[in-house]
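Okay, structure first, notes after.
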Amino acid sequence: MIYINAAIGAGKTSLAKILSKDLNTHAYLEDPSKIPLLNSFYDDGKVSRELKSYAVQMEFLWYRYRQLQKGIEDQRKGMRNTVFDSSLLSDGLMSRNLYNRGEFPEQFYDDYRKISQIMQANVLSSPFNGPDLVIYLDLPFDLMLEHIARRGRKMETTDPKLKEYYHSVWQTYRNWAQSYPDMIMYVDLAKYDFVNSLRDRVAVLEQIEDRLNSLSLLTADEMTKLEAKHQAMLLDPKTK
């Protein structure tokens with residue numbers, strides 16, 4: 001399993017779609033419509049976050065848990081290198097940030113953590129020892145804001161005060177990544193625009209797939225076929 005981890009708007013879903021297509025595997029994608037309270041979570045800044053943090057994070061927790069269960073089931077059926085555009089790991093970081101900001105009441109946060117730990121212990125008792133690879137999308141804060149504005153979700157852009165909240169999310173993910181430099185793979189979004197540049201896309205795919213090969217998750221034959229596909233993409237973008 002491959003986890004893509006990053007702050008809001010970094011491009012997790014875009015990369016999950018691109019990578020899963022290249023690897024001919026399945027992507028487990030976040031669907032905001034499955035989190036009914038998410039829109040109102042942003043309605044009134046700090047007040048709405050504090051009132052709804054527990055309920056929203058519990059919705060995310062259950063959603064991610066069911067996704068992971070499905071991923072483990074598919075893994076048992078032989079599906080390899082499936083891609084998740086978010087995870088229980090990411091939800092834990094978001095919850096911790098809310099708690100640190102005083103927007104997740106301590107008793108509720110403690111309850112959330114207990115339930116999360118039970119869920120994770122449950123899946124770890126099955127044939128799952130965590131993701132095979134965690135990819136971190138690193139980007140400057142200003143670029144993160146550009147991405148959020150570009151995708152144009154009303155709930156994320158109507159309140160100018162959200163900028164301070166977004167910065168705390170960005171800093172939380174960056175601190176996490178810097179704590180585990182040898183365990184995750186960095187993709188520098190200040191250098192690579194894999195959404196709009198085909199050449200950058202191929203470069204990022206090749207970096208990720210080289211790492212998968214080094215972890216014995218792709219064979220030499222698979223790598224040869226992927227390299228040929230990438231060359232064809234560069235020669236004729238219609239093949240992408």
Next on the checklist: Scan region 12-26 and tell me whether some residue there is without any contact (Cβ under 8 Å) to a residue 12 or more places away in the chain and more than 30 Å from Val202 (Cα to Cα).
Outcome noted: no
Checklist entry - Within region 160-212, can you find the residues that are closer than 30 Å to His230 by Cα and acidic (Asp, Glu)? => result Asp182, Asp188, Asp193, Asp200, Glu206, Glu209, Asp210
Checklist entry - Restricting attention to region 84-115, which residues are open to solvent by less than 10 Å² (accessible area, probe 1.4 Å) and small (Gly, Ala, Ser)? => result Ser86, Ser87, Ser90, Ser95
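Matching residues to (1) under 30 Å from Leu51 (Cβ atoms); (2) over 18 Å from the mean Cα position of the chain (by Cα):
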position	(1), (2)
Gly102	yes, yes
Asp110	yes, yes
Ile115	yes, yes
Met119	yes, yes
Pro131	no, no
Val134	no, no
Leu137	no, no
Phe141	yes, no
Next on the checklist: Within region 143-150, does at least one residue satisfy the condition of being modelled with pLDDT under 95, closer than 18 Å to Lys12 by Cα and among the acidic types (Asp, Glu)?
Outcome noted: yes
Checklist entry - So which residues in region 112-144 are of a type outside the set (Val, Ile, Thr), in contact (Cβ under 8 Å) with a residue 40 or more places away in the chain and in a helix (DSSP H, G or I), if there are any at all? => result Tyr112, Ser116, Met119, Leu143, Met144
Next on the checklist: Suppose we keep only residues that are open to solvent by 40 Å² or more (accessible area, probe 1.4 Å) and under 21 Å from Glu73 (Cβ atoms) within region 116-125. Which one would you say is modelled with the highest pLDDT?
Outcome noted: Ile118
Checklist entry - Filter region 181-224 for residues that are part of a loop (DSSP other than H, G, I, E, B), in contact (Cβ under 8 Å) with a residue 12 or more places away in the chain and not β-branched (Val, Ile, Thr); which is most open to solvent (accessible area, probe 1.4 Å)? => result Met183
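Restricting to region 7-25, name every residue that is assigned to a loop (DSSP other than H, G, I, E, B), on the phi < 0 side of the Ramachandran plot and buried (at least 18 other Cβ atoms within 10 Å of the Cβ).
Start the filter on region 7-25 by keeping residues that are assigned to a loop (DSSP other than H, G, I, E, B), which leaves 7-11, 24-25.
Now drop any that are not on the phi < 0 side of the Ramachandran plot, which leaves 7-8, 10, 25.
Of everything in region 7-25, those that are assigned to a loop (DSSP other than H, G, I, E, B), on the phi < 0 side of the Ramachandran plot and buried (at least 18 other Cβ atoms within 10 Å of the Cβ) turn out to be Ala7, Ile8, Ala10.
Please determine whether any residue of region 74-83 is in contact (Cβ under 8 Å) with a residue 60 or more places away in the chain and surrounded by fewer than 19 Cβ atoms within 10 Å (Cβ to Cβ). Full working, then the answer.
First pass over region 74-83, keeping only residues in contact (Cβ under 8 Å) with a residue 60 or more places away in the chain: 75, 80-83.
Restricting the remaining residues to those that are surrounded by fewer than 19 Cβ atoms within 10 Å (Cβ to Cβ) gives 75, 80.
Yes: region 74-83 contains one or more residues that are in contact (Cβ under 8 Å) with a residue 60 or more places away in the chain and surrounded by fewer than 19 Cβ atoms within 10 Å (Cβ to Cβ).
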Checklist entry - Which residues, taken from region 26-38, are surrounded by fewer than 17 Cβ atoms within 10 Å (Cβ to Cβ), in contact with a helix residue (DSSP H, G or I) (Cβ under 7 Å, 6 or more places away or on another chain) and among the acidic types (Asp, Glu)? => result none
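The values are calculated or read from the model by the stated rules, or taken from the named source; none is laboratory data. As the structure is a computational prediction, the values presented were derived from the model and not from experiment. Positions of Cβ are generated from backbone atoms using ideal geometry, with glycine treated the same way; all protein chains shown enter the neighbour counts. Surface accessibility is based on the protein's heavy atoms, side chains included, excluding ligands, DNA and RNA. Shrake-Rupley method; radii C 1.70, N 1.55, O 1.52, S 1.80 Å.
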